[in-house]
Structures are given as structure tokens and as C-alpha cells.
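**Q** The structure that follows is given in the form of C-alpha cells.
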Amino acid sequence: MSALELWGGHECTVNRVGDRFFDQTVRSGHQTRLSDLELFADLGLKALRYPVLWERTSPERPDDFDWRWTDERLPAIMRLGVRPIAGLVHHGSGPKYTSLVDESFAPGLAVHARAVAERYPWIEDWTPVNEPLTTARFSCLYGLWYPHAYDEGACWRALLNEIDATRLAMAEVRKVNPNSRLIQTEDLGYVHARPGLEAQAEFENHRRWLTWDLLCGTVTPDHPLWERLCRFGLEDRLRAIADDPCPPDVIGVNHYLTSERLLDTRLEAYPPALHGGNGVQAYADLEAVRALADGPLGLEALLAETWDRYGRTIAVTESHLGCTREEQVRWVAEAWSSAERLRAEGVDLCAVTAWALLGSHDWNTLLTAERGFYEPGVFDVRSGTPRPTALAGLLKTLARGEAPKTLALSSPGWWRRDIRFVYEPVSEILTPAVLRRPVAPQTLAARPILITGATGTLGQAFARACDLRGLPYVLTDRRTLALDRPISVERALDELEPSAVINTAGWVRVDEAEEAEEACMAANAVGPENLARACERRGVPFVTFSSDLVFDGEAGRPYVEGDPTSPLNVYGRSKAEAEARVLATGADALIARTAAFFSPHDVHNFAVHTLATLSQNRVFRAANDCFVSPTYVPDLVDATLDLLIDGETGVWHLANRGRFSWAEFARTLAEAADLDPSLVEGATGADLGWAAPRPADVALSSERGQLLPAVESGVERFVHGWRKQAGGGRTRTICAAE
């Protein structure tokens, strides 16, 4: 058996909602960046799933082909030593002149496939239709994508059209290149159920195999779903498919944490958004990982089940997790180690595919609208230029056949830890024990992250985040590490041997700094310099924080990282001085410029004071002549940790997207909390008695990538947490995968 291969693919879905087509290749910027291909190849990929999509090539007429885009890219992929896997329809329903339920779909795709094969006769690997069953369900059973049907019969017809399209397409392709292989992808999960829902779970667990069963010709009268499909008048079509099958050369398994479901009749245990049913029984349908006491089966068990069922070559054709960086690394590393273990048992598993190389847009709403939600992948494209994340380093390591060594693997993924539970754990389920395999997540011993500033808002926030994210850390105060004493810094780093240092300590009182310049400079400039020098000598990454107050507010636009500093007050000068000193040390230093913290975990911030005052129906005065970009602390902390794990250095602007006067921000908070925004009274900074001069407008943007979401998103979550805190409850942040 040859070595396990690394494959890749960028999210290339073209789906239709109403009369609009949503194209992920355009949204990621890959449409106009040929240079991405070199980045992909540099990862060590052996094959690349790549779109030659019907909708993109012949959008207006079936006989009108535009090959310009693929003519430039497919030969380039080959020149880079990577095999293209040509995808012809990816979650789509074809161009506007057909649809999944149209009789023209299958023969039309066959015409397209023949044209592609004749244009590129050297392509050997093909996926004519990506995830046929999933696409049929989303389009014709759940009504999310075109043709927006809510009908089981339409779903089955769409599925058979996709299967026929695959069979006909491969027949045409093989007339041109007889060596062509079918790599058939499908999402694979499992449905767990509590007693009383046996029949529904059994049906869904048979249904999940239909794409491969149909292509392998096993949907015959003895198949568990034969009679159900025949009731929709599909017997003749089923017999025709079984008589002329097109078995996949490679079974392509796509698996996500959402793929495994739990069905539960106790509707009262779950929010209404999860309630559903089958027309006879009402039940909740939720992600199994959030409530199943024993946890989901997981990829390894499902791959083993696939091998037992088909005995054909398998590839993991999508491996992606939308979450914080270390969890993304853990997910891919676990997929790779699962594949290696199965191969050691004799399973013919040929590859693991790093999917969403360029991230994905709006999959949290299943591509039903453009709402600006982005999940980074192996590369982060928010700056317009792909930036490699920690996943890129992991993939290069795996491709070389080396064992990964990264802080991210210091803990199992969140799906293996108790933080996964959102609902009361369910233990009465019907999952056969024979399907389960021992859990063997890959973890490594790791040195802790050293966090200074144990008593401060930011230090405490980093400690909470590290707990949640499974990152080892040590939180220090002045007794353990005094920043103004180099000998104390050296001793602490020698004793704790950290993997990285995050400095959250410092002077925070802007107005008082005007009368205590020396103390402010010692805390904010000398201390970070001492830490940076000690880190540089040990080769330890260093993170520290700066402020929007390093600017004078005269730019007339949001500030970006490359803008020159020109502070107006002592506090701003201390931060500008810190930046210069830290960068001069030569340390691997990340400097996060940020602004206007708000967090429900800290009573000493503007947002908490605003809501506390307004909730008592009292007037709250706030500046209307000073504009900032408010920053929700949990967002700041997560973005900083992601950048640290990615190995980023230099100055980054980390603030939530938006520009608000303090008075506007107060009114936004009031509206989100259902309080009276008219109680917010605008005032000037002079009226409020600020001792330190403030710049008029220091809204922050970024030329390196806007990593934090809009301020309104942070406000919504802040208000939710503030209400819990005010009510004496506890609030908890769950991974972005939620």
C-alpha cells in the first residue's frame, strides 16, 4: 500500500437561491488569483479537487463554453505536480436552463462532461456531482436551494437525476480517457435516537448510504429502501441503474461535526428551532455531539463501517472545522491519525483532503444569503491576500510524513471534552455498540502559555479562553513576575519555561497618566521591552497590547497598521514607545492595537456602566465628539490566540468592525438590552472633565485582515452575558462551531 496522500480543495460551491447564484470561488477571491495554486502545491498536495463547473462554463447555453478560466488553471495545476480532481457540479442544480428535477439535467451534464474530457483529456480523476444525496435533500426536501421543494418525491427524483448524471458523465469521460476514475463524495454521518424513534433512525441510517448504494447497483428489491422509493413511481429507474451501475473507484467520505444527529421526543428539553418531525412523530433533531453522553461515533468508526460495507478504496474528501485555530488543527490531525490507524488494520484508505483551503463564506446559514460570515481555512483571505494559518504548517508536516509538534495538540478537541454539552447528556440511545471504536485523539505534552496581569480584565479573559480552548497556561501576578525588574522576568521565564508569553499587564488609567508619566512609561513601555528581550533570548513568541490612542485622530478615515503614530496624551505616548521598543528587540513579537474594551465579566467598563445606569432609568452622559471602534473582549482574545498559534508577528489592529461615538455606542447598547436609548445624553469630552486630551476619531481598520466581527455582533453577545451576570447566572462561551 502506497503512502497516505494529502489532497486539498478550496470551497467551490455554486448554489442557486431563487434567481441568484452564489459562487464561493468568487467570494474567496480565488477567481482572480492564479497564484493561489502555488500556495496549494507548496503544502505537499498530491491531488486537488478543482471546479470545472457546468454553471460557470456554460451559464447561458449548453453549446456555449467559456474555457478561459480553466484553460489557465488546470494546466498550471499539472505543472505544479498535482493531480486535478475535476468537479462538474458542486451543490448546484446546473445552469439556469435546467434543475435537479428537470429531465434535461442528466443528459445535459453528460454533454458538459464530454466537452471537459475532450478539452482536458489528461484528467483522470472526476467527481461529476458532489454529495448528490445532501444536495437533493437541501434543494428538494428542505427547500433551501433551488428548486426549493419540500417534497420527498422530488428529493428522490433529484437524487436519481444526479446518479444518472454521474453514470452518463463517466461514460462520456471514459470514451475519451478509459483510465478515468470516479471519486464519489458524500456527507456521511449517523443518526442516533432515543427509544420510540427506532423506525425514523433506521430509515435515515439506510438513506445515508444511497449515493454509493445506487452507483454500486445494490438498490434492488432486497434493499431496505426499495419499496419506499418505488412508491414514488421510481421502480423502472431503479432497475435501470442497478442493471448498469457505475461503482466509484474511490468512496469519498465527507464528515463534519454536524453530520451525526440525535433524535429525541422530549421537545421540552430543546429550543423550538430544533423541533421537527416526520409527519407522524414530533421530535427534536440536534447535533449528537451536543448531548450524546457517549459522544458521536466519529470519523474513524464511520470509515471502518464504510470499508466493511463496500470493501472499496476510500478517501476522506473533506476535512474541515469552523472553530478556533487549535480546534481546526486538532480536527485535521485526528482525521489523519484515524486514517493511519485504519490503514494499519488493512483498510484501503488512500488520502485525507484538507478542505476549504481558502475558508468558506456563509455556510452557517447554509448558503441561503450573503451575510458576511467567514470561516478561515488553511489560508485566511480577509486581507485579500491568502495568509497561511497554523493549518498550513500542520499539512506540510503531515505531507512530509513527520509527526506534528504544536501547542494546539496539547488537548483533545472540544468534541472530546465535556464543554461540548449544551443540553443535558442523553444516555438512552439505540446506537449499536459494535459500531463504536476506542477514542484515540492525538495529544502532546506542551509547555504553558505565560500570561501576565492576573488581576486585570484582559489577563482573566485570556485565562478563561485558554481553559475553554484546552491550551495550557500560567497566569502570573507581580509577585511571580515583576515587569519592571529584568531579573524577575528572567527568573520567571527560566522557571516556567513557557511556550509563549502574553503580556496583559500595564497602566490603564488614561487621565491619571497625565500626572504620572514616569510610572505610566515604566509599566507600559519598559515592562514590555523587558519581556520582549527575555523572550528573544529564548526564542519564545511574545504578545503585547497597544492602543488606538497612539493616533491623533486627524486621518479622516479609520486607521490601519501602516499609519504613522502621533499620540496626543501620555498614555498614547507610552503605548507608541512600547511598540517601538518591542519591535527593536528583534523578538517574535505580535503587537495588538485595540480599543474601548467591553465585556460582561468586568464591572469596570463603559458598557457595564451604561446598562447599569439605564436599567435604573437614569440619564447616562457620553461623549458625542470622540469616535472609536469598540472591542468585545472575547473576540479580541480569540483572535489574538489564533494569531499566536499561526505564528504571526508585527502590529495588528484587533477591534470590532465599526465606528461609533461613545454616545452612539451607549444607545446601541441600550437598544440591544431593550432599555431607553433616549436616556443617553450626548456631551463633549470637555464637558465630561477628561484630563487627558483625546483624539477626535480613532476608529480602527486593518490592511492585514479584519479578524473581528461587527460591533453589533459583540453587543448582542455582551448583552446576553450581562443579563446572565446580573441575574446571578453563569455565562459560558462555546467554540465557534456552535
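The values are calculated or read from the model by the stated rules, or taken from the named source; none is laboratory data. Keep in mind it's a predicted model, so treat the numbers as computed, not measured. We place every Cβ from the backbone using ideal geometry, glycine too, and count neighbours over all the protein chains shown.
**Q** Yes or no: the range 437-456 includes at least one residue that is free of Cβ contacts under 8 Å to residues at least 12 places away in the same chain, surrounded by fewer than 21 Cβ atoms within 10 Å (Cβ to Cβ) and not in a helix (DSSP H, G or I).
**A** Keep residues of the range 437-456 that are free of Cβ contacts under 8 Å to residues at least 12 places away in the same chain, which gives 438.
When the remaining residues are screened for being surrounded by fewer than 21 Cβ atoms within 10 Å (Cβ to Cβ), the result is 438.
Of the ones still in play, those that are also not in a helix (DSSP H, G or I) are 438.
Yes, some residue in the range 437-456 is free of Cβ contacts under 8 Å to residues at least 12 places away in the same chain, surrounded by fewer than 21 Cβ atoms within 10 Å (Cβ to Cβ) and not in a helix (DSSP H, G or I).
**Q** Being in a helix (DSSP H, G or I), of a type in the set (Gly, Ala, Ser) and under 25 Å from ASN656 (Cα atoms) narrows it down to one residue among ALA492, ALA578, ALA534; which is it?
**A** Working: ALA492 fails: under 25 Å from ASN656 (Cα atoms); ALA534 fails: under 25 Å from ASN656 (Cα atoms).
It is ALA578.
Results for (1) of a type in the set (A, V, I, L, M); (2) on the phi < 0 side of the Ramachandran plot; (3) over 24 Å from the mean Cα position of the chain (by Cα), shown as yes or no for each residue.
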| position | (1), (2), (3) |
| --- | --- |
| VAL17 | yes, yes, no |
| PHE22 | no, yes, no |
| PRO51 | no, yes, no |
| ASP66 | no, yes, yes |
| LEU74 | yes, yes, yes |
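**Q** With respect to ALA354, is the statement that it is assigned by TED's automatic domain parsing to the domain that holds HIS30 and either on the phi > 0 side of the Ramachandran plot or modelled with pLDDT of 95 or more (or both) true? Full working, then the answer.
**A** Values: assigned by TED's automatic domain parsing to the domain that holds HIS30: yes; either on the phi > 0 side of the Ramachandran plot or modelled with pLDDT of 95 or more (or both): yes.
Answer is yes for this residue.
**Q** Going by the conditions given, is LEU483 at negative phi, in contact (Cβ under 8 Å) with a residue 24 or more places away in the chain, within 37 Å of the chain's Cα centre (by Cα) and in a loop (DSSP other than H, G, I, E, B)? Can you show your working first?
**A** Details: at negative phi: yes; in contact (Cβ under 8 Å) with a residue 24 or more places away in the chain: yes; within 37 Å of the chain's Cα centre (by Cα): yes; in a loop (DSSP other than H, G, I, E, B): yes.
Yes, satisfied.
**Q** Something else: LEU80 versus (1) under 16 Å from ALA169 (Cβ atoms); (2) in contact with an Asp or Glu (Cβ under 8 Å, 6 or more places away or on another chain): which is the lone unmet condition?
**A** Result: LEU80 passes all but (1).
Conditions (1) part of a strand (DSSP E or B); (2) crowded, with 17+ Cβ neighbours inside 10 Å; (3) outside the structural domain of ASN130 (by TED's automatic domain parsing), marked per residue:
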position: ASN15; (1), (2), (3): yes, yes, no
position: VAL26; (1), (2), (3): no, no, no
position: LEU34; (1), (2), (3): no, no, no
position: ARG56; (1), (2), (3): no, yes, no
position: ASP64; (1), (2), (3): no, no, no
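**Q** Here are SER546, SER566: which of them is among the small types (Gly, Ala, Ser) and part of a strand (DSSP E or B)? Talk me through it step by step, then tell me what you get.
**A** Numbers: SER566 fails: part of a strand (DSSP E or B).
Answer to the selection: SER546.
**Q** So, in the range 371-413, exactly how many residues are assigned to a helix (DSSP H, G or I), touching a Ser or Thr at 6+ places or on another chain (Cβ under 9 Å) and in contact (Cβ under 8 Å) with a residue 24 or more places away in the chain?
**A** Taking the range 371-413 first, the residues assigned to a helix (DSSP H, G or I) are 390-399, 407-410.
Narrowing further to those that are touching a Ser or Thr at 6+ places or on another chain (Cβ under 9 Å): 390, 393-394, 397, 407, 409-410.
If we keep only those that are in contact (Cβ under 8 Å) with a residue 24 or more places away in the chain too, we end up with 390, 393-394, 407, 409-410.
Within the range 371-413, residues that are assigned to a helix (DSSP H, G or I), touching a Ser or Thr at 6+ places or on another chain (Cβ under 9 Å) and in contact (Cβ under 8 Å) with a residue 24 or more places away in the chain number 6.
**Q** Here are some residues: ASN530, ASN503. Which one is more than 20 Å from GLY572 (Cβ to Cβ) and either of a type in the set (Val, Ile, Thr) or crowded, with 16+ Cβ neighbours inside 10 Å (or both)?
**A** On the way: ASN503 fails: more than 20 Å from GLY572 (Cβ to Cβ).
After ruling out the rest, the residue left standing is ASN530.
**Q** GLY94 is checked against (1) surrounded by fewer than 24 Cβ atoms within 10 Å (Cβ to Cβ); (2) in a loop (DSSP other than H, G, I, E, B); (3) modelled with pLDDT of 95 or more and fails just one. What number does that condition carry?
**A** (1)
**Q** So, in the range 655-704, of the ones that are assigned to a strand (DSSP E or B) and hydrophobic (A, V, I, L, M, F, W, C), which residue ends up farthest from the chain's Cα centre (by Cα)?
**A** Among them, the one singled out is ALA683.
**Q** Considering each residue of the range 634-654, count those that are assigned to a strand (DSSP E or B) and surrounded by fewer than 24 Cβ atoms within 10 Å (Cβ to Cβ), and give that number.
**A** The initial filter retains those residues of the range 634-654 that are assigned to a strand (DSSP E or B), namely 650-653.
Okay, now just the ones that are also surrounded by fewer than 24 Cβ atoms within 10 Å (Cβ to Cβ), so 650-652.
Result for the range 634-654: 3.
**Q** Could you tell me which of the residues GLU72, GLU55 is touching a strand residue (DSSP E or B) at 6+ places or on another chain (Cβ under 9 Å) and of a type in the set (Asp, Glu)? Before the answer, list the steps.
**A** Details: GLU72 fails: touching a strand residue (DSSP E or B) at 6+ places or on another chain (Cβ under 9 Å).
When all the criteria are applied, what remains is GLU55.
**Q** Being within 34 Å of the chain's Cα centre (by Cα), crowded, with 24+ Cβ neighbours inside 10 Å and closer than 27 Å to LEU43 by Cα is true for just one of VAL129, VAL82. Which residue is that?
**A** VAL129
**Q** Still on this structure, please answer the following. Select, from GLY689, GLY682, GLY650, the only residue that is of a type outside the set (Phe, Trp, Tyr) and more than 23 Å from VAL508 (Cα to Cα). First the steps, then the outcome.
**A** Numbers: GLY689 fails: more than 23 Å from VAL508 (Cα to Cα); GLY650 fails: more than 23 Å from VAL508 (Cα to Cα).
Only one candidate passes the filter, namely GLY682.
**Q** For the list (1) over 23 Å from PHE379 (Cα atoms); (2) assigned to a loop (DSSP other than H, G, I, E, B), I need the number of the one condition that GLY81 fails.
**A** Every condition holds for GLY81 apart from (1).
**Q** Can you confirm whether the range 614-626 contains a residue that is hydrophobic (A, V, I, L, M, F, W, C) and in a loop (DSSP other than H, G, I, E, B)?
**A** yes
**Q** May I ask you to list the residues in the range 606-625 that are crowded, with 18+ Cβ neighbours inside 10 Å and touching a Ser or Thr at 6+ places or on another chain (Cβ under 6 Å)?
**A** Scanning the range 606-625 gives PHE620, ASN624.
**Q** Among the candidates VAL540, VAL560, single out the residue that is surrounded by fewer than 24 Cβ atoms within 10 Å (Cβ to Cβ), within 35 Å of the chain's Cα centre (by Cα), of a type in the set (A, V, I, L, M) and farther than 16 Å from SER702 by Cβ.
**A** After ruling out the rest, the residue left standing is VAL540.
**Q** Which condition number in (1) surrounded by fewer than 16 Cβ atoms within 10 Å (Cβ to Cβ); (2) without any contact (Cβ under 8 Å) to a residue 24 or more places away in the chain is the one that ALA293 fails?
**A** It is condition (2) that ALA293 fails.
**Q** Ok, one more. Looking only at the range 678-700, how many residues end up being surrounded by fewer than 20 Cβ atoms within 10 Å (Cβ to Cβ), touching a residue at least 60 places away in the same chain (Cβ under 8 Å) and not aromatic (Phe, Trp, Tyr)?
**A** Step one: of the range 678-700, the residues surrounded by fewer than 20 Cβ atoms within 10 Å (Cβ to Cβ) are 678-679, 681-693, 696.
The next check asks that each one be touching a residue at least 60 places away in the same chain (Cβ under 8 Å); those that pass are 679, 681-685, 687-688, 690-693, 696.
Pick out the ones that are also not aromatic (Phe, Trp, Tyr) and you get 679, 681-685, 687-688, 691-693, 696.
Residues in the range 678-700 being surrounded by fewer than 20 Cβ atoms within 10 Å (Cβ to Cβ), touching a residue at least 60 places away in the same chain (Cβ under 8 Å) and not aromatic (Phe, Trp, Tyr): 12 in total.
**Q** Looking only at the range 410-435, filter to residues that are closer than 30 Å to GLU202 by Cα and touching a Gly at 6+ places or on another chain (Cβ under 9 Å); which one of those is surrounded by the most Cβ atoms within 10 Å (Cβ to Cβ)?
**A** By that ranking, first place goes to GLY413.
Yes/no matrix, rows are residues, columns are (1) free of Cβ contacts under 8 Å to residues at least 60 places away in the same chain; (2) assigned by TED's automatic domain parsing to the domain that holds VAL698; (3) of a type outside the set (A, V, I, L, M):
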position	(1), (2), (3)
THR585	yes, yes, yes
ALA596	no, yes, no
VAL603	yes, yes, no
ALA612	yes, yes, no
CYS626	no, yes, yes
THR631	no, yes, yes
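**Q** Something else: Among the residues that make up the range 485-497, is at least one of them of a type outside the set (Gly, Ala, Ser), closer than 17 Å to LEU644 by Cβ and surrounded by 14 or more Cβ atoms within 10 Å (Cβ to Cβ)?
**A** yes
**Q** Yes or no: the range 185-195 includes at least one residue that is loosely packed, with under 15 Cβ neighbours inside 10 Å and either touching an Asp or Glu at 6+ places or on another chain (Cβ under 6 Å) or not aliphatic (A, V, I, L, M) (or both). Show your work before the answer.
**A** Narrowing the range 185-195 to residues loosely packed, with under 15 Cβ neighbours inside 10 Å: 195.
So of that shortlist, the ones also either touching an Asp or Glu at 6+ places or on another chain (Cβ under 6 Å) or not aliphatic (A, V, I, L, M) (or both) come out as 195.
Yes, because at least one residue in the range 185-195 is loosely packed, with under 15 Cβ neighbours inside 10 Å and either touching an Asp or Glu at 6+ places or on another chain (Cβ under 6 Å) or not aliphatic (A, V, I, L, M) (or both).
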